[in-house]
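See structure below.
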Amino acid sequence: MKKTRISLLAFAAVGALALAGCASGGDAGGDESMAPEPEEVSFEAGTTMAALNEAGSITIGTKFDQPLFGLNGPNGPEGFDVEIGKIIASELGIAEDDINWVEAVSANREPFIESGEVDVVIATYTINDARKEVVSFAGPYYMAGQSILVLADNEDIADEDDLVGQPVCSVTGSTPAANLEALGADVILTDTYSNCLEPLRNGNVVAVSTDNVILAGLAAQNEGEFKVVGEPFTDEPYGIGLALDDTDFRMWINDVLEAAAEDGRYQDAWDATAGTVLPFIDAPAVDRY
């Protein structure tokens, strides 16, 4: 169960950009890949790990429109989620070029896992009890949450308490907007988060507030104009989705996540991607339910 300081149901989905449906092989992560060369490994017969290792490839669903976490760039998918996928593939003995990347939007993540269209989904995918009825989750590997975007030179807004009574932009019908109302902010609504940026630039609002991953992407796309401030004030644990009841695979991925956090690969992946905007936070403890 996710914990919040204030009541919430789910973060508003970000409208998908018109990007290609999948990408496979080739240079799939740009120049910042943190994945080591795969080593020769062996697994117990009959496990998903053994099957993937024998096949020599893995299909990973990720976002193609989420800057810093999963974005289909000029050299293929890139971002923190993508780097986590490369780490998992390398531990399976699978080369980076043998990863098949498939676009996984919010609506198709569970269907893709259930149908076997993907082996895992790593796509800013919040773990919750409803989803755990149909898929399993390894992780969490990152704790996201609602946060605050302000102008780069703003020194007055430090956390959510500073939003009380202030004009703050969010999106119509979204949970972040409801959260802001509960805080006592003067909520200014629009249809997309990108449409909040001009009111922020001209001073009609003092901040934009939604998932810190979305805000980090907006900041990255408008370098030098904005910054993300304060700690997230809700919890959204991001996990790796896989087939329901594949306990061996789930536990093995948890082992990989723990090892990557311990030996520095996790931080290296973060620093090269989302860490260019967001501060580093130690990897959360995995949930071995």
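The values are calculated or read from the model by the stated rules, or taken from the named source; none is laboratory data. Everything numeric in this text was worked out from a predicted model, so none of it was measured. For neighbour counting, all protein chains shown are included, and Cβ atoms are generated from backbone atoms with ideal geometry for every residue, glycine included.
Here's a check for you: in the range 190-232, which residue that is surrounded by 22 or more Cβ atoms within 10 Å (Cβ to Cβ) and hydroxyl-bearing (Ser, Thr, Tyr) is modelled with the lowest pLDDT?
Tyr193
Would you mind stating whether Val121 is at pLDDT 95 or above and within 17 Å of the chain's Cα centre (by Cα)? Please lay out each step first, then the result.
Numbers: at pLDDT 95 or above: yes; within 17 Å of the chain's Cα centre (by Cα): yes.
Against the criterion (at pLDDT 95 or above and within 17 Å of the chain's Cα centre (by Cα)), Val121 qualifies.
Just to check your reading of the model, which residue among Asp246, Asp235, Asp271 is among the acidic types (Asp, Glu), surrounded by fewer than 22 Cβ atoms within 10 Å (Cβ to Cβ) and at pLDDT below 95? Walk me through it before giving the result.
On the way: Asp246 fails: at pLDDT below 95; Asp271 fails: at pLDDT below 95.
Of the residues listed, the single one that is among the acidic types (Asp, Glu), surrounded by fewer than 22 Cβ atoms within 10 Å (Cβ to Cβ) and at pLDDT below 95 is Asp235.
For the range 36-129, give me every one of the helices (runs of 4 or more DSSP H) that falls completely inside it and has 2 or more residues that are within 20 Å of Asp246 (Cα to Cα) and in contact with a helix residue (DSSP H, G or I) (Cβ under 8 Å, 6 or more places away or on another chain). Break it down stepwise before answering.
Values: elements: 48-55, 80-91, 109-115.
Here the list reads 48-55, 80-91.
Being assigned to a strand (DSSP E or B) and on the phi > 0 side of the Ramachandran plot is true for just one of Gly139, Gly165. Which residue is that?
Details: Gly165 fails: assigned to a strand (DSSP E or B).
Testing whether each residue is assigned to a strand (DSSP E or B) and on the phi > 0 side of the Ramachandran plot leaves just Gly139.
Just to verify a result, which residue in the range 249-268, among those that are over 14 Å from Gly139 (Cβ atoms) and of a type in the set (Asp, Glu), is surrounded by the most Cβ atoms within 10 Å (Cβ to Cβ)? Give the steps one after another, and end with the answer.
Initial filter on the range 249-268 (over 14 Å from Gly139 (Cβ atoms)): 262-265, 267-268.
Applying the additional criterion that residues be of a type in the set (Asp, Glu) yields 262-263, 268.
Values: Glu262: 10, Asp263: 10, Asp268: 17.
Among residues in the range 249-268 that are over 14 Å from Gly139 (Cβ atoms) and of a type in the set (Asp, Glu), the one surrounded by the most Cβ atoms within 10 Å (Cβ to Cβ) is Asp268.
Can you find, within the range 274-287, the residue that is surrounded by the fewest Cβ atoms within 10 Å (Cβ to Cβ) among those that are modelled with pLDDT of 95 or more and touching a helix residue (DSSP H, G or I) at 6+ places or on another chain (Cβ under 6 Å)?
Only one residue tops the list, namely Ala283.
Can you tell me which residue among Ala158, Ala178 is part of a helix (DSSP H, G or I) and not polar (S, T, N, Q)? Walk me through how you get there before you give the answer.
Values: Ala158 fails: part of a helix (DSSP H, G or I).
Being part of a helix (DSSP H, G or I) and not polar (S, T, N, Q) holds for just one of Ala158, Ala178, which is Ala178.
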